[in-house]
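Reviewing the structure listed below.
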Amino acid sequence: MAPMSAHPDAGDYLRLFQQYGGDFGGVYLEEAEEAGERYRLLFEQVCALLVQASSFNLAMPQEFRRTAARWARGEAASVAQMSDPELRGFMLSDLYDYVHLSRAAGTAVR
């Protein structure tokens, strides 16, 4: 597996998601306890990418980056909110869809 870039692009996110099986359309439909543990590390890894400066990150909907930054800073409201496995699953699924579609459409910038 290629190392993650210091300036993440769509490929970095897709490689990370691929390690967890790829398609995340139904991640939030899994049993909360099972999904919570299964995708906790993925959520943390995604947040680490989202808080890095890159043209790809800057072009994406900023809700992803704001959530990751608040969570990474340990803001109580965000930590409490994102401790819910279902909400983490929604975020991962939405981010996967965004990254995958932007890459497929050729709009994924570096």
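The values are calculated or read from the model by the stated rules, or taken from the named source; none is laboratory data. This is a predicted model, so every value here is computed, not measured. We place every Cβ from the backbone using ideal geometry, glycine too, and count neighbours over all the protein chains shown.
General remarks:
- Tally of residues being small (G, A, S) and modelled with pLDDT under 60 across segment 1-35: 5
Residue by residue, here is whether (1) charged (D, E, K, R); (2) touching a strand residue (DSSP E or B) at 6+ places or on another chain (Cβ under 7 Å); (3) in a helix (DSSP H, G or I); (4) within 18 Å of H7 (Cα to Cα) holds:
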| site | (1), (2), (3), (4) |
| --- | --- |
| A53 | no, no, no, yes |
| L58 | no, no, yes, yes |
| T67 | no, no, yes, no |
| W71 | no, no, yes, no |
| D97 | yes, no, yes, no |
| S102 | no, no, yes, yes |
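- Test: residue in segment 77-89 that is under 20 Å from A6 (Cα atoms) and surrounded by 14 or more Cβ atoms within 10 Å (Cβ to Cβ): no
- So L49, is it modelled with pLDDT under 95 and in a helix (DSSP H, G or I): no
- When residues of segment 88-110 are limited to those that are aliphatic (A, V, I, L, M) and over 12 Å from the mean Cα position of the chain (by Cα), the one modelled with the highest pLDDT: L101
- Checked against (1) at pLDDT 95 or above; (2) exposed (fewer than 15 other Cβ atoms within 10 Å of the Cβ); (3) among the hydroxyl-bearing types (S, T, Y), T67 passes all but a single condition, namely (2).
- Residue in segment 72-89 that is touching a residue at least 24 places away in the same chain (Cβ under 8 Å), farther than 17 Å from G21 by Cβ and in contact with a Phe, Trp or Tyr (Cβ under 6 Å, 6 or more places away or on another chain) present: yes
- Selection within segment 50-71 - without any contact (Cβ under 8 Å) to a residue 12 or more places away in the chain and not hydrophobic (A, V, I, L, M, F, W, C): Q62, E63, R66, R70
- Members of segment 61-78 that are out of contact with any helix residue (DSSP H, G or I) (no Cβ under 6 Å at 6 or more places or on another chain) and among the hydrophobic types (A, V, I, L, M, F, W, C): A69, A76, A77
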